[in-house]
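Structure, as structure tokens:
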2 protein chains.
Amino acid sequence: MKIALDVMGTDYGPSELVLGAVMAVKEYGCDVVLVGDEPTIRELLKKYGAENDPHLLVQHASQVIDMSEHPGIAVKTKKDASIVVATDLLRNKECDALVSSGSTGAAVAAALFHLGRIKGVSRPAIATPIPSLTGTTVLLDSGAKVDAKPEHMVQNAIMGSIYAELMLGIRNPRVGLLNIGEEETKGNELALATYPLLKREKLIHFIGNVEGRDINKGTVDVVVCDGFVGNVVLKFAEGLATAILTMVKGAILQGGLLAKLGGLLITPALRGLKKTLDPEAYGGALLLGVRAPFFICHGSSKAKAIKSAIGVAVHGVRSDIVARITEDIANQTKLDDGVSQTQESRRVRQ
Amino acid sequence: MKIALDVMGTDYGPSELVLGAVMAVKEYGCDVVLVGDEPTIRELLKKYGAENDPHLLVQHASQVIDMSEHPGIAVKTKKDASIVVATDLLRNKECDALVSSGSTGAAVAAALFHLGRIKGVSRPAIATPIPSLTGTTVLLDSGAKVDAKPEHMVQNAIMGSIYAELMLGIRNPRVGLLNIGEEETKGNELALATYPLLKREKLIHFIGNVEGRDINKGTVDVVVCDGFVGNVVLKFAEGLATAILTMVKGAILQGGLLAKLGGLLITPALRGLKKTLDPEAYGGALLLGVRAPFFICHGSSKAKAIKSAIGVAVHGVRSDIVARITEDIANQTKLDDGVSQTQESRRVRQ
């Protein structure tokens, strides 16, 4: 199994990514194709004593797409950008999955233009796993498509459900529509139009509307929303978690000697928690609906996060999530009826 | 000064609200008109030894609107519902402000139908103060209008700016548009159409797009969004804060004896933090754009939260926020030009 890793265009430079790949090939037994500036990559491989590791391959790419560039234009004009070259490896089946931590917009654009959508998928969606009180919830779409239509939301629900099952190991995952109230009559135009479609979709276990406060509660496994709301929520979670932990620290530091001692004593226990809350531990988000497993990590991912992401990518290939999405999207409940067809498909799978 | 307090339709019953009023009249020197079932209220006043307090008045209302009822229909059919009676006290100028902790939808409907909008305001918006690393940020709209138009967003910005200035004491508050990226070209249709309007609005200090992670950072004072996004974010904040504090507690409890001892030592320091993060300490949200100060508290508000809310309502009346909104909305930058008029209005105020 070969994973393509775009090592360019990230916050900390290629060094963290190359180190992550060096760690990953040892741990997961896969091959990694490092895509980017070859001399830089070779030098880094040497630095980490991995220049002769047969599992680490290099694919030169002379260009980089910057975070500040317009994604669509950059992907179209920079034919030799690392994300484009890496995506082409995927399209040509020279690699099985891709991991990127450069510009999210550029990654989505490269996936759309150079890899293509799964037949029947209207819009790809970014699925992001987030920690809950009882495990993990998947939130989607977290930013691929900002102005979604009800039919996109239904496909998000189907793809998110498959993600929860195959990537998180949740059987019959509970799917909720992110809304401002539990009642079917609540919500904006998009939510109101989406609800009945989710209700009749036989491929998912729809539990109705969920509210913002339910996301971390562990009472829902798949939270469906449009890419605007999902992206705002996800970034807010990042900011709020940091703010609360900073406030906890501040309260302890201002709380006198005993509080400071207490703070020291709880530090080891909180270290584990910080890891739980760290989105990087989850190995990034998965772009669902394109023709191969395509993982998008945070731009500030360090070596360990990249290693995890490669591990998750290996899992994504093994679980054959793309084949399952292809099958389910073909069998999704039709707007006219299609119920019997869907039930048939379920029976076959069980 | 008289504050109308709707004591019905809340999670814990009228008892907490009556007690909150008893505390408030002592602390703020205002009068409170308790609106709801008179025998129940009189009994509770007696229980708290306040049956002869001349600052506590009672206005009977025979009906209650439940959280589960359709707000618009309930307000129209239940003419003697406590929220309707309380709103009428406001309209007839028998009271100066209103505090409710019943159904938010019913409160908004009562305000719209029985109190009315300020001239020129297209849609009222709910402004909710939330804690940040450096103080308080105001988020609006947090649920009054779910499908907003760009012109509603501009008025939200103007009203939120006034809120930050008069209620939070922030001079020249920084106004940000909640979006999925900092660049002007990012966002959904609503955000893209709103950005240029905010940019040319002379009454506000617009700092551009802000992302979810900026809300708690203290780098923006007024965060503008539509009522759907605002409501999701606000409820998510509630859930996430609870989840993180639960996780901190769990990590400490599982962390062995030393961690447990440490947990005990930091408890007093964290008590203050819990208060900071508690939305109830802020005295509820303010419905901006209607003809009198109209405060909406969480349905689960206890006596102390109600007391704070009454204090904030007193402040809202004293600062004459309604007059200032009336003035600024009349002077907002016109879609054609109107710049000179706006500048004139600013000069007069300074």
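Table: residues versus (1) within 21 Å of the chain's Cα centre (by Cα); (2) among the small types (Gly, Ala, Ser).
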position: A:Pro14; (1), (2): yes, no
position: A:Gly20; (1), (2): yes, yes
position: A:Ala24; (1), (2): yes, yes
position: A:Cys30; (1), (2): yes, no
position: A:Val33; (1), (2): yes, no
position: A:Glu38; (1), (2): no, no
position: A:Ile41; (1), (2): no, no
position: A:Leu44; (1), (2): no, no
position: A:Glu51; (1), (2): no, no
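The residues on offer are B:Leu197, B:Leu177, and the sole one that is open to solvent by 10 Å² or more (accessible area, probe 1.4 Å), more than 9 Å from chain A (Cβ to nearest Cβ) and among the aliphatic types (A, V, I, L, M) is B:Leu197.
Comparison of A:Asn156, A:Asn188 shows that the only residue that is polar (S, T, N, Q) and without any contact (Cβ under 8 Å) to a residue 40 or more places away in the chain is A:Asn188. Among what's in segment B:71-97 and is crowded, with 16+ Cβ neighbours inside 10 Å and within 14 Å of another protein chain (Cβ to nearest Cβ), pick the residue that is modelled with the highest pLDDT. The selected residue is B:Ala74. Scan segment B:136-154 residue by residue and report those that are open to solvent by 30 Å² or more (accessible area, probe 1.4 Å), acidic (Asp, Glu) and more than 10 Å from every other protein chain (Cβ to nearest Cβ). The one that is open to solvent by 30 Å² or more (accessible area, probe 1.4 Å), acidic (Asp, Glu) and more than 10 Å from every other protein chain (Cβ to nearest Cβ): B:Glu151. When residues in segment A:255-271 are screened for being over 35 Å from the mean Cα position of the chain (by Cα) and more than 7 Å from every other protein chain (Cβ to nearest Cβ), 3 of them pass. Residues that are out of contact with any helix residue (DSSP H, G or I) (no Cβ under 9 Å at 6 or more places or on another chain), crowded, with 18+ Cβ neighbours inside 10 Å and either at pLDDT below 95 or aliphatic (A, V, I, L, M) (or both): does segment B:262-283 have at least one? No. If I filter segment A:300-308 for residues that are within 14 Å of chain B (Cβ to nearest Cβ) and open to solvent by 10 Å² or more (accessible area, probe 1.4 Å), do I get at least one hit? Yes. Look at segment B:247-258: where a residue is part of a helix (DSSP H, G or I) and a partner is open to solvent by less than 20 Å² (accessible area, probe 1.4 Å) and modelled with pLDDT of 80 or more, sitting 6+ places away or on another chain with Cβ atoms under 6 Å, you get B:Ile252/A:Ile266; B:Ile252/B:Ala259; B:Ile252/B:Gly263. Of the residues that make up segment B:330-337, is at least one under 30 Å from B:Ile65 (Cβ atoms) and at pLDDT 80 or above? No.
Residues that are within 13 Å of the chain's Cα centre (by Cα) and not in a helix (DSSP H, G or I) within segment A:98-118 comprise A:Leu98, A:Val99, A:Ser100, A:Ser101, listed in sequence order.
Taking segment B:33-59 as the range and being over 25 Å from B:Lys78 (Cα atoms) and in a helix (DSSP H, G or I) as the test, the residues that pass are B:Leu45, B:Lys46, B:Lys47. For the residues B:Leu133, B:Leu203, B:Leu190, B:Leu166, the requirement of being surrounded by fewer than 24 Cβ atoms within 10 Å (Cβ to Cβ), modelled with pLDDT of 95 or more and within 9 Å of chain A (Cβ to nearest Cβ) singles out B:Leu190. Within segment B:215-225, identify whether any single residue is over 23 Å from A:Gly256 (Cα atoms), out of contact with any strand residue (DSSP E or B) (no Cβ under 6 Å at 6 or more places or on another chain) and at the interface with another protein chain (Cβ under 8 Å from one of its Cβ atoms), and answer yes or no. So far as segment B:215-225 goes, yes, one or more of its residues are over 23 Å from A:Gly256 (Cα atoms), out of contact with any strand residue (DSSP E or B) (no Cβ under 6 Å at 6 or more places or on another chain) and at the interface with another protein chain (Cβ under 8 Å from one of its Cβ atoms).
The values are calculated or read from the model by the stated rules, or taken from the named source; none is laboratory data. Just so it is clear, the structure is predicted and the values come from calculations on it, not from any experiment. Here the Cβ is made from the backbone with ideal geometry for all residues, glycine too, and neighbour counts use every protein chain on show. Ligands, DNA and RNA are stripped out before the accessible areas are found, and what is left, the full protein with its side chains, is counted by its heavy atoms. Shrake-Rupley method; radii C 1.70, N 1.55, O 1.52, S 1.80 Å.
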